[in-house]
Amino acid sequence: MSSPLPRHVAIVMDGNGRWARARGGMRADGHRAGVSPVRMVIEECVRHAIGALTLFAFSSENWRRPRDEVMSLMSLFVESLEAEIEELHRRGVRVRFIGEREELDARLKASMASSEQITAANTRLSLQIALSYGGRSDIVHAARRLALQVERHQLSAAQLDEPTFGAALALGDVCDPDLFIRTGGEQRISNFLLWNLAYTELYFTDRLWPDFDAPAFEAALQHYAARQRRFGLSAEQLQAADAGAS
Ligand code: IPE
Ligand code: IPE
Ligand code: MG
């Protein structure tokens, strides 16, 4: 049941601050150095025909960082988006944002909306950028939306099943990630895609995000290809199914 390439890769891009500190720089320098690996993973996904990529850029908890750092991240998001959007469009990437937009500043919100609009019809790679995103908040919002439908008699409680709930989430129209990558050495989810990661293969690397290069991404893909995904079945059942298929 394992497939050599993931259809959807989700990445927690962690370690920018430590990368900068190790060089005697400011945390903001680390975030800036993190732009080039973003470009690389997008290119590699397009090259491998991986259909979906979701990047964790800023969590709902990251608002608690010092104001200076939050401001520099927000400026970097606007600047990078405005600089990259034409190229992304040219490459056939559809860009979408998931997370709470209300608190973002007007210019960033406008750049996000126009990037989504410009690239809406692209089909080569579906790129989701999680910005001001929290997995728990995503679940609560879905529950609220569905509760409203029940209140309005558009849905009955008995009709509420896993596919219906999953479809109400931010990634409702994207398949669950096959491969989760976290750089920076921490082995945790940090409130990323809680629902969608139920059966995702997890890959952790000590490499800090600004140092994550194409060979490092390739190594993650190779680890993924070597995993046996069982989805609750026994290894013997999978062997029997494979023998039947060939
Ligand atoms: C990840 O790098 C980027 C964001 C969370 C926005 P960090 O800034 O968390 O870097 P470390 O973990 O402190 O090294
Ligand atoms: C997770 O990294 C969020 C992003 C990479 C955007 P953090 O650095 O915020 O995670 P914790 O706080 O170490 O768990
Ligand atoms: Mg971190």
> So which residues in the stretch 24-40 are within 17 Å of the chain's Cα centre (by Cα) and either open to solvent by less than 10 Å² (accessible area, probe 1.4 Å) or under 22 Å from residue 173 (Cα atoms) (or both)?
Replying inline: 34, 37
> Does any residue of the stretch 224-237 turn out to be within 26 Å of residue 98 (Cα to Cα) and without any contact (Cβ under 8 Å) to a residue 24 or more places away in the chain?
Replying inline: no
> Among (1) crowded, with 18+ Cβ neighbours inside 10 Å; (2) more than 16 Å from ligand 2 (Cβ to nearest atom), which single condition is residue 43 missing?
Replying inline: (1)
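Would you confirm, using the coordinates I've provided, whether residue 171 is open to solvent by less than 60 Å² (accessible area, probe 1.4 Å), in contact with a Ser or Thr (Cβ under 9 Å, 6 or more places away or on another chain) and under 23 Å from residue 54 (Cα atoms)?
On the way: open to solvent by less than 60 Å² (accessible area, probe 1.4 Å): yes; in contact with a Ser or Thr (Cβ under 9 Å, 6 or more places away or on another chain): yes; under 23 Å from residue 54 (Cα atoms): yes.
Yes: the conditions hold for residue 171.
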>> If I ask for residues that are away from ligand 2 (no atom under 14 Å from the Cβ), surrounded by 15 or more Cβ atoms within 10 Å (Cβ to Cβ) and either hydroxyl-bearing (Ser, Thr, Tyr) or within 16 Å of residue 170 (Cβ to Cβ) (or both), which ones from the stretch 189-208 would you list?
In response: 195, 196, 200, 203
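Quick check on my filter: what residues within the stretch 48-66 are within 16 Å of ligand 2 (Cβ to nearest atom) and either outside any strand (DSSP E or B) or open to solvent by 70 Å² or more (accessible area, probe 1.4 Å) (or both)?
Within the stretch 48-66, the first condition is being within 16 Å of ligand 2 (Cβ to nearest atom), and the residues that meet it are 53-66.
Residues satisfying the conditions are 60, 61, 62, 63, 64, 65, 66.
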> Which of the residues that make up the stretch 84-130 are closer than 19 Å to residue 62 by Cα, assigned to a loop (DSSP other than H, G, I, E, B) and touching a strand residue (DSSP E or B) at 6+ places or on another chain (Cβ under 6 Å)?
Replying inline: 99, 100
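So, in the stretch 44-67, of the ones that are over 24 Å from residue 138 (Cα atoms) and free of Cβ contacts under 8 Å to residues at least 24 places away in the same chain, which residue ends up farthest from ligand 3 (Cβ to nearest atom)? Steps first, answer last, please.
To start, the set of residues in the stretch 44-67 that are over 24 Å from residue 138 (Cα atoms) comprises 44-50, 66-67.
With the extra rule that they be free of Cβ contacts under 8 Å to residues at least 24 places away in the same chain, the set shrinks to 47, 66-67.
On the way: 47: 28, 66: 14, 67: 18 Å.
Here the answer is 47.
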> Taking only pairs six or more apart or across chains, which ones have beta-carbon atoms under 7 Å, a first residue in the stretch 74-86 that is farther than 14 Å from residue 42 by Cα, and a second residue that is assigned to a helix (DSSP H, G or I) and open to solvent by 80 Å² or more (accessible area, probe 1.4 Å)?
Replying inline: 76/32; 78/107
>> So residue 103 passes all but one of these: (1) modelled with pLDDT of 95 or more; (2) more than 16 Å from ligand 3 (Cβ to nearest atom); (3) open to solvent by 30 Å² or more (accessible area, probe 1.4 Å). Which condition number does it fail?
In response: (1)
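Based on this model, can you work out whether residue 116 counts as of a type in the set (D, E, K, R) and without any contact (Cβ under 8 Å) to a residue 40 or more places away in the chain?
On the way: of a type in the set (D, E, K, R): yes; without any contact (Cβ under 8 Å) to a residue 40 or more places away in the chain: yes.
Yes.
The values are calculated or read from the model by the stated rules, or taken from the named source; none is laboratory data. The shown structure was predicted, so the numbers you read here are calculated from the model rather than taken from an experiment. Cβ atoms come from the backbone with ideal geometry, glycine included; neighbour counts cover every protein chain shown. Heavy atoms of the whole protein, side chains included, go into the accessibility calculation; ligands, DNA and RNA do not. Shrake-Rupley method; radii C 1.70, N 1.55, O 1.52, S 1.80 Å.
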